[in-house]
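A quick write-up on the structure given underneath.
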Amino acid sequence: KIFPIDSEAYQALTFLYIDQGYALPSTSGPWSADELIRMLERIDPAALSPGARQAYDFAARELDPLGKVFRFGLDVSAEVYAHTNTDSFTAENDWIRGFDERSPFLDLVLETWPGEHFYGYTSLSIGNNPYNNWDSTIGPTSTFFGQSAVTCNIPMIPPAVISDLDFNIPYRAFGAFGGENWSVQVGREKLSWGPGESGNFVLGDHVPYHNVGRITTYTPAFKYTFITSFFPYPSDYYSTTPDANGSYLKSGSQGDLLAGLNMFMAHRVEWRLFRDTLGFALTEAVMYQSEEGILDLRVLSPAMIFHDYYIRDNANSILSLEADWTPIPRLSIYGQLAADEFCLPGEPIPGVDNAAHPDGFAYMLGGKTAFPLDRGMFYASLEGVLTDPYLYLRYGEEGYTSDPRQAVMG
């Protein structure tokens, strides 16, 4: 079985690791049942307080293989959203509970276990699209984020109409196979790499899904992951000139011929050091695109240094370093550094030379705590993030770094 990035079993393991003085469990999700079971084996249940033992027993139940062949599930969630100011707060990021946190009205889940080493998952949901309008100033907008005083997630309840139905489903559907210390997954899945609570620099949970191929292998002290994720080529949905409404989005149809290739690719290595108190991760990723739709097989190397490809017109690479340290039980300190664009000795210097490309760095520093409280676990975190304005951007044909239509974004 493959557990998603919002798995409660993984959350329980995170609380237990912090409470017991271990470095955070692997922060590159999703995870196979085998991997999470091996994480749980580090914990000695006899040494736990009652609240921590509750978390341990919960994780053990979630990870216990039941020998099923298939499982059907139907989730029904009726949600209502109310807001009094319909003029000033009408964007998704104005809401604490944005589209990603809102549940679909119906969600039909099918899980299959064709054999011990094979697993399939499909989630068919019925809900509304996140956006249904375009504003030339702020981009995509929606009547579901404050333009109406009261909205809900039930389709065709005003202001929703039938065209607001979300047909871009399933959001999570894949096949997987694996065994002890390894797994392979292909399909649609949500990804997150890193310890960040507000997000992560290379792979964050803000993307609803990736069309992903993922290979991972691990031991108690080491983990390696290689993934690919494919997206539409920018010219398939962006125009170089705006329409009468100021929109650069193309109004396409199912009959349009898609062209070009746009692919995200990354590899990540993780280590656990100093008696499991320090975790370290190195991630390198690249956004690769080709207008002709040509995939250069050289870029698929799982061990290549992507920065050394020297293909600026086709790709934008990024490097990330992460570390988390649990100096004492119940306190975890973590940091993350991402380098997207920087100059080497001998290259034009940003702010000095006209030909220089601006720096693109990102920094994160945070802390987490978890400890037993009554029959459960108390958890809290504090995090600070600083990013350069040109992070993720690549020069286009015209050299407009600040123009998103000319950028390859990671």
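The values are calculated or read from the model by the stated rules, or taken from the named source; none is laboratory data. It should be emphasised that the depicted structure is a prediction, and the values quoted were computed from it without experimental measurement. When we count neighbours, we look across all protein chains shown, and the Cβ atoms used for this are built from the backbone with ideal geometry, even at glycine. When the accessible area is computed, the model is the full protein with side chains, heavy atoms only, and any ligands, DNA or RNA have been set aside. Shrake-Rupley method; radii C 1.70, N 1.55, O 1.52, S 1.80 Å.
Using the rule -39500 (n - 2.57) for each DSSP H run of four or more residues, divided by the residues of the chain, the 222 nm mean residue ellipticity is -2500 deg cm²/dmol. Count charges around LYS190 for me, please; just the other residues with Cβ under 11 Å from its Cβ, Lys/Arg as +1, Asp/Glu as -1. Net local charge, LYS190 excluded: -2.
The spread of Cα positions in the chain, taken along each principal axis and listed from longest to shortest, comes to 68, 61, 44 Å.
Under the shape rule built on the C-alpha gyration tensor, where the axes satisfy a ≥ b ≥ c, region 180-238 is oblate, since a/c reaches at least 1.5 while a/b does not exceed b/c. For the chain, carbon and sulfur atoms together expose 59% of the accessible surface, with a 1.4 angstrom probe and every protein chain in place.
A straight chain from THR137 to SER163 at 0.36 nm per residue would run longer than the Cα-Cα distance by 7.0 nm. Looking at region 290-394, the accessible area is 60 square angstrom per residue; that uses a 1.4 Å probe and ignores ligands, DNA and RNA.
Per-residue SASA remark: HIS206, around 130 Å² accessible (1.4 Å probe; ligands, DNA and RNA not included). May I ask for the percentage of alpha-carbon pairs in region 1-146 that lie more than 24 Å from each other? Counting every Cα pair in region 1-146, those more than 24 Å apart make up 53 percent.
Listed highest first by mean packing, meaning other Cβ atoms within 10 Å per residue, what order do 331-341, 122-132 come in?
331-341, 122-132
Cut-off 14 Å, label point 7 angstrom out along Cα-to-Cβ of ASN85: give me the residues of region 115-151 whose amide nitrogen falls inside. Inside the label zone: 146-147.
Accessible-area rank, largest first, for ARG330, ARG188: ARG330, ARG188, with all protein chains present and a 1.4 angstrom probe.
Accessible-area rank, largest first, for LYS190, LYS368, LYS250, LYS68: LYS250, LYS68, LYS190, LYS368, with all protein chains present and a 1.4 angstrom probe. With both labels modelled 7 Å from their Cα along Cα-to-Cβ, the VAL352 to TYR238 distance reads 3.2 nm.
As a ratio to 2.2 N^0.38 Å, the alpha-carbon radius of gyration computed for region 54-97 takes the value 2.14. Sorting the segments 227-236, 282-291, 384-393 by their mean number of nearby beta carbons within 10 angstrom, highest to lowest, gives 282-291, 227-236, 384-393. Computed over neighbours whose Cβ is under 13 Å from that of GLU180, the net charge equals -3, Lys and Arg +1, Asp and Glu -1. Residue ranges 12-25, 73-86 sort as 12-25, 73-86 when ordered by packing (mean number of other C-beta atoms within 10 Å per residue, highest first). The stretch between LEU124 and TRP182 holds 18.1 nm of extra length on full extension. This uses 0.36 nm per residue minus the Cα-Cα distance.
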